[in-house]
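The values are calculated or read from the model by the stated rules, or taken from the named source; none is laboratory data. Worth saying up front: this structure is predicted, and the values here are computed from it rather than measured. All Cβ positions, even for glycine, are placed from backbone atoms using ideal geometry, and neighbour counts span all protein chains on display. Heavy atoms of the whole protein, side chains included, go into the accessibility calculation; ligands, DNA and RNA do not. Shrake-Rupley method; radii C 1.70, N 1.55, O 1.52, S 1.80 Å.
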Amino acid sequence: MNRVIFNTILISCLILGACKKKQPPPPQEVPVNLIKVKEQKVLYYDQYPSTTAALSQVNLLPEVQGAITGIFFTEGGLVSKGQKLYEIDERIYKANYDAAVANLRVSEGTLTQSQQDADRYEYLNKYNAVAKQQYDHAMITLENSKNQVKSSEQAVKSAKTNLNYATVYAPFNGTIGFSQVKLGNVVSVGSTILNTISTDDPMAVDFIINEKQLPSFEKLQNTKDQLRDSLFTFLLPDNTLYPATGKISVIDRAVDSQTGSIRVRLVFSNPKHILRVGMSGVVRVHNQDTQPQLVLPNKAVVEQMGEYFVFVAKDSLVNNPKAGADSAKNKSKALMARQKKVVVGQTIGPNVVIKSGINAGDRIVVDGLQSLHDGSKIAASNKKGGFVRR
């Protein structure tokens, strides 16, 4: 009997222990640092990948055929307009020119003789002292001699042109590249590239913009304000800033219908020849928006599948586990992290412009984001935060 009573009491205790659920511990507050968002004026640049280009560039092609007999420049150096660059074997062209000059002299002599005969027959014809046929033949011979002289003169000009083409001159001031031919190479008319010359001061810088940006760039192009030139700067391939500023030279005539983009060309002075054709860099366009904007440190923004979020600290009422269910004080204040979707703008050093999603005065979590989710309880471990304006 006693054993039955003991078992009954033991089972009752076990049932009571199983029915009494163990309360989970309250969630721990995550220590974070907060920053209060303020509106401020910011200086930043829209950036565009770009490539340098020559305003004028030409491939040197021979106008006559022959072997290269002279090269008169330093590869990669500066050349002046009219400077002698190449010489093609001119012996055959000099001989042709001399022959053309000799033929011209013969033609001129024949013309003199024909003119004398024509004058004589014309005098005799006045007195009917010569046959009409002889007179007509003399006039025709004179006319043929005049035409022969004209033909010989054109032959001399053609021979002289070919002789001149045997020497290749620089068409403008610029920089010349590596020679594509060496001494003794035989070049062909219009097909053998001798070299390439390009202008280098000023230098063009080309970049692509979206067609939606076209009106603002056209406005910049037409602005007469002297300060517009300072809107355009150029970052060299090593990310250093080129010392001169540029200005819009040309906006292309048409938008690419496939990409919805259009090319813009800037020009930069290049007296020290720092810029070279084909360099890759970044064009920076000074943003003209003077309205105050919201700026946050980059580390406060979380990217998820192409969308951007921040955690905003909010004061909330939560259940107080220390108070009974019937207590009037079963609610207590707590600081909680609420996830907000934002639209980001230009990156400015370690900071980023926030276009929408939060308001001035919001408190934003800047540290400890890895341990947060929407609704996490947080504890601000820092004093009033801020960031350095760039």
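Here is how the numbers come out for the structure above:
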quantity	calculated
Top-ranked residue in the range 60-81 [being hydrophobic (A, V, I, L, M, F, W, C) and open to solvent by 80 Å² or more (accessible area, probe 1.4 Å); ranked as nearest to THR167 (Cα to Cα)]	PHE72
Inter-residue pairs, beta-carbon under 7 Å, first under 14 Å from VAL302 (Cα atoms) and in the range 347-367, second surrounded by fewer than 13 Cβ atoms within 10 Å (Cβ to Cβ) and at pLDDT below 85, 6+ apart	ASN351/ARG390
Enumeration of residues in the range 166-207 that are among the charged types (D, E, K, R) and over 32 Å from the mean Cα position of the chain (by Cα)	LYS182
Test: residue in the range 214-235 that is part of a loop (DSSP other than H, G, I, E, B), under 16 Å from the mean Cα position of the chain (by Cα), under 26 Å from GLY349 (Cα atoms) and at pLDDT below 95	no
Condition check for GLN57: at pLDDT 85 or above and open to solvent by 80 Å² or more (accessible area, probe 1.4 Å)	yes
Of all residues making up the range 153-188, the number that are in a loop (DSSP other than H, G, I, E, B) and either of a type outside the set (A, V, I, L, M) or open to solvent by 60 Å² or more (accessible area, probe 1.4 Å) (or both)	12
Filtered residues of the range 82-98 (kept if open to solvent by 60 Å² or more (accessible area, probe 1.4 Å) and at pLDDT 95 or above)	LYS84
Selection within the range 242-260 - open to solvent by 60 Å² or more (accessible area, probe 1.4 Å) and closer than 16 Å to VAL282 by Cα	PRO243, THR245, LYS247
Subset of the range 191-209 (residues that are in a strand (DSSP E or B) and open to solvent by 10 Å² or more (accessible area, probe 1.4 Å))	THR196, SER198, ASP206, ILE208
Cross-chain or 6+ apart pairs with Cβ under 9 Å, the range 278-303 first and within 23 Å of VAL365 (Cβ to Cβ) and at pLDDT 80 or above, then of a type in the set (Asp, Glu) and surrounded by 16 or more Cβ atoms within 10 Å (Cβ to Cβ)	LEU294/ASP362; LYS299/ASP367; ALA300/ASP367
Top-ranked residue of the range 322-358 - restricted to ones that are surrounded by 12 or more Cβ atoms within 10 Å (Cβ to Cβ), more than 36 Å from the chain's Cα centre (by Cα) and not in a strand (DSSP E or B), ranked as modelled with the lowest pLDDT	ALA323
First in the range 217-237 and over 19 Å from SER269 (Cβ atoms), second anywhere and open to solvent by less than 60 Å² (accessible area, probe 1.4 Å) and modelled with pLDDT under 65, Cβ under 8 Å, 6 or more apart	none
All positions within the range 361-390 that are on the phi < 0 side of the Ramachandran plot, at pLDDT 75 or above and surrounded by fewer than 12 Cβ atoms within 10 Å (Cβ to Cβ)	GLN370, HIS373, ASP374
